[in-house]
Amino acid sequence: MMFDVSYLINELILPLAAVFVNGFVCKNSMDVKAEDFFFDGLNPGNPNKLGSVVNLVNVEKIPGLNTLGISLARIDFAPFGLNPPHTHPRATEILTVIEGELYVGFVTSYLNGGGNKLFTKLLKKGDVFVFPQGLIHFQFNKGHTNAVAIAGLSSQNPGAITIANAVFGSKLPISDDVLAKAFQVDKKTVDWLQAQFWRDNNN
């Protein structure tokens, strides 16, 4: 019986030997296509109950971003819409306002003797603001009209931890004893917060 060695190598062995970088497969350069560097969906989204929606374009949507250290997001805001306090554990964010106005800010890590300092700014169309990597930050549309922002992030997979979701909506839930003591509230308040519908703000 004849055995096709090339078939064995190309179809059975090589796929199992794929190289992963940053958790994603690095394609053989001969298999890369223009579509690996293209995304056609940076469109307006429907804001959620907080009045905003984030359309993130990262390595999951553009495979060609892998190892390049960049990604992009479009954030749409309804009037008085909020992109709630959150962090990006793997990226600094630079944001520009395309339409409307946004009240934005971030909180520093604990400063010796100074606590956590808040930096805020009211951004108008064309203004730019930077949120350093890992720091809690937010964007809020204080106006009566829609707002749109574009954000660049210094990672192909920046990650996002929405503070309220992580603290009160984790699976499994954090003990109400822990949260009641940490926030200096009673357990009923913690239980009520944990019962709310926490959702991801990404589209």
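Restrict the check to the stretch 35-44 and report whether at least one residue is without any contact (Cβ under 8 Å) to a residue 24 or more places away in the chain, open to solvent by 50 Å² or more (accessible area, probe 1.4 Å) and in contact with a helix residue (DSSP H, G or I) (Cβ under 9 Å, 6 or more places away or on another chain).
Looking for residues that are without any contact (Cβ under 8 Å) to a residue 24 or more places away in the chain, open to solvent by 50 Å² or more (accessible area, probe 1.4 Å) and in contact with a helix residue (DSSP H, G or I) (Cβ under 9 Å, 6 or more places away or on another chain), one finds at least one in the stretch 35-44, hence yes.
Looking at GLY100, GLY115, GLY105, GLY126 in this structure, which one is in the same structural domain as GLY64 (by TED's automatic domain parsing), over 16 Å from THR87 (Cα atoms), touching a Lys or Arg at 6+ places or on another chain (Cβ under 8 Å) and without any contact (Cβ under 8 Å) to a residue 60 or more places away in the chain?
Result of the check over GLY100, GLY115, GLY105, GLY126: GLY100.
Quick test for you: out of GLY41, GLY45, pick the one residue that is modelled with pLDDT under 95, in the same structural domain as VAL107 (by TED's automatic domain parsing) and more than 30 Å from PHE119 (Cβ to Cβ).
Result of the check over GLY41, GLY45: GLY41.
The values are calculated or read from the model by the stated rules, or taken from the named source; none is laboratory data. Values in this document were obtained by computation on a predicted structure and should not be read as measured data. Reconstructed Cβ throughout: ideal geometry from the backbone, glycine too, with neighbour counts over all protein chains shown. Areas reflect the complete protein model, heavy atoms only, side chains present, ligands, DNA and RNA absent. Shrake-Rupley method; radii C 1.70, N 1.55, O 1.52, S 1.80 Å.
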